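Input: a single structure, listed below in structure tokens.
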Amino acid sequence: MAHTVPAHALASLSIAALALAILAACGGDGAQSGNVKPSPKARAAAAAKVAACRRGDTTAMYVAYREFVKVTTPTAQRFLTAAGTDSAAPEDGFRAMQDKGPSYYYSGDSTAQRKVLEKLASVGPYASLLIVHRGAVSTAGGDTVTVTLRGHFVGGELDGTNAAGKAITVACGEAGWKVASVASGAPQ
């Protein structure tokens, strides 16, 4: 059952809300109680940081995957993720792979794998990196995320070559998510 609010009650609520907003903007009881308010510059910086990191660790995941692709040698031109497993790239990780080059789902089924390998071979002898997601850990505040990735090359002359595992730490600052550190030697 819907309830209706009389127009005069809405007007009273609007006036009360406006009065509270003006009181808060002018110092209100926070100034009288001795609370120190952050400066407009500090409030703006805090708001910018919240806006820059609004998507939480999903954007951090994108940045970590992009960095893994960038620092992995030999350089890959196309990418694969282990579809349907706990090692599959999360959505933003896969999007980072797609932004760097053609990306494919690589199934655990041998028939499906053979089809992908045939497709890759038909397109050309480009290095194809299967990226394996080994986990992500974030700090309690959520402003730092460490993503552990490893990989190996599939098909072509690099078939079976391992890519060094990496633990990539991404931190949120005023400009958004940025790579804070890359540690080699993450577990294969």
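Sequence neighbours fewer than 8 away in the same chain don't count; with that in mind, list the aspartates and glutamates whose C-alpha is under 17 Å from Lys166.
Straight-line reach from Lys166, under 17 Å: Glu67.
From the backbone phi of the range 87-104, what are the Karplus-calculated ³J(HN,Hα) couplings (6.51 cos²θ - 1.76 cosθ + 1.60, θ = phi - 60°) in whole Hz, Gly and Pro given as x?
Working through the residues one at a time gives 9, 5, 5, x, 3, 5, x, 5, 4, 5, 4, 4, 5, 8, x, x, 10, 9 Hz.
For a test of the definition: using alpha carbon positions, the gyration tensor, and the 1.5 limit on a/c, classify the range 57-184 as rounded, prolate or oblate. Numbers along the way, then the final one.
Working: a/c = 2.26, a/b = 1.95, b/c = 1.16.
Prolate shape, in that a/c is at least 1.5 and a/b is the bigger ratio.
Once amide H atoms are built 1.01 Å from N in the peptide plane, which residues 5 or more positions from Gly135, or in another chain, come under 5 Å H to H?
Thr148
Which cross-chain or sequence-distant (5 or more) residues have an amide H under 5 Å from the amide H of Gly155, H modelled 1.01 Å from N in plane?
Gly160
At q = 0.18, 0.24, 0.29 Å⁻¹, what base-10 log of I(q)/I(0) does the Debye formula yield for the range 101-165 when every alpha carbon is treated as an equal point scatterer in vacuo?
For the range 101-165, the Cα-only Debye profile gives -0.73, -1.05, -1.31.
Which order do the peptides 162-171, 59-68 come out in when sorted by mean C-beta neighbours inside 10 angstrom, highest first?
Working: 162-171: 19.8, 59-68: 24.5.
The packing order, highest mean first, is 59-68, 162-171.
Using θ = phi - 60° and the Karplus relation 6.51 cos²θ - 1.76 cosθ + 1.60, list the HN-Hα couplings for the range 64-76 in order, rounded to whole Hz, with x at every Gly or Pro.
Values, residue by residue: 5, 5, 4, 5, 4, 4, 5, 9, 6, 10, x, 6, 8 Hz.
Measure up Lys70/Lys115; Lys70/Lys119; Lys70/Lys100 against 19 Å on the Cα-Cα distance and list the ones that go over.
Details: Lys70/Lys115 27 Å; Lys70/Lys119 24 Å; Lys70/Lys100 9 Å.
In this structure, Lys70/Lys115; Lys70/Lys119 lie more than 19 Å apart at Cα.
With θ set to phi - 60° and the Karplus curve 6.51 cos²θ - 1.76 cosθ + 1.60, what are the ³J(HN,Hα) couplings of the range 169-175 in order, to the nearest whole Hz, using x for Gly and Pro?
Taking θ as phi minus 60°, the curve returns 9, 10, 10, 9, x, 4, 8 Hz for the range 169-175.
By its C-alpha gyration tensor, with a ≥ b ≥ c as the square roots of the eigenvalues, how is the range 60-130 shaped: rounded for a/c under 1.5, else prolate for a/b larger than b/c, else oblate? Present the calculation step by step, with values, prior to reporting the outcome.
Working: a/c = 2.32, a/b = 1.28, b/c = 1.81.
Oblate, since a/c reaches 1.5 and b/c is not below a/b.
Check Tyr106: other-chain or 5+ apart residues with amide H under 5 Å from its amide H, H built from backbone geometry?
Distant-sequence amide H within range of Tyr106: Thr81, Ala82, Ala83.
A short reminder: the numbers here are calculations on the coordinates, not readings from a lab. Everything numeric in this text was worked out from a predicted model, so none of it was measured. We place every Cβ from the backbone using ideal geometry, glycine too, and count neighbours over all the protein chains shown.
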